[in-house]
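The values are calculated or read from the model by the stated rules, or taken from the named source; none is laboratory data. Keep in mind it's a predicted model, so treat the numbers as computed, not measured. Because the Cβ atoms are built from the backbone with ideal geometry, glycine has one as well, and the counts that use them run over all protein chains shown.
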Amino acid sequence: MDADKQRYGKYFKLIYPLLSRGAILVVDNAGDYLQYMQDFFEEYLKIKDAATYMLNIDHGLFMLIKKGGQNLMPYLKIYFPLLKNEKC
């Protein structure tokens with residue numbers, strides 16, 4: 001997601017039910033615009049079937065993985081070398 005930060009909560013509420021198990025949602029610039037994304041973070045806190053990570057890449061990438069009982073992060077580090085040095 002990379003759009004108007006003030007509407008991320010609305011977008012997330014519409015998008016999340018459409019995501020299949022194992023889907024990854026990446027939110028760009030989450031580290032720099034937290035003050036505009038309060039609605040988004042309130043919505044994601046309601047979700048119980050996802051793993052979330054804040055990656056210190058660029059201006060902050062927030063990553064959400066819709067889970068089906070398994071955390072996919074260890075596998076992502078194998079395929080995405082940039083994640084190897086991140087504290088997740």
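Here are some notes:
- Candidate set: the range 34-62, residues that are part of a helix (DSSP H, G or I) and among the acidic types (D, E); chosen: the one modelled with the highest pLDDT: D39
- Pairs, first among the charged types (D, E, K, R) in the range 28-43, second buried (at least 17 other Cβ atoms within 10 Å of the Cβ) and outside any helix (DSSP H, G or I), C-beta under 9 Å, six or more apart: D28/M1; D28/L61; D28/F62
- Residue list for the range 13-33, filter: at pLDDT 85 or above, touching a Gly at 6+ places or on another chain (Cβ under 8 Å) and of a type in the set (G, A, S): G22
- Extreme residue, surrounded by the fewest Cβ atoms within 10 Å (Cβ to Cβ), among residues of the range 17-47 that are of a type in the set (S, T, Y) and under 24 Å from D58 (Cα atoms): Y36
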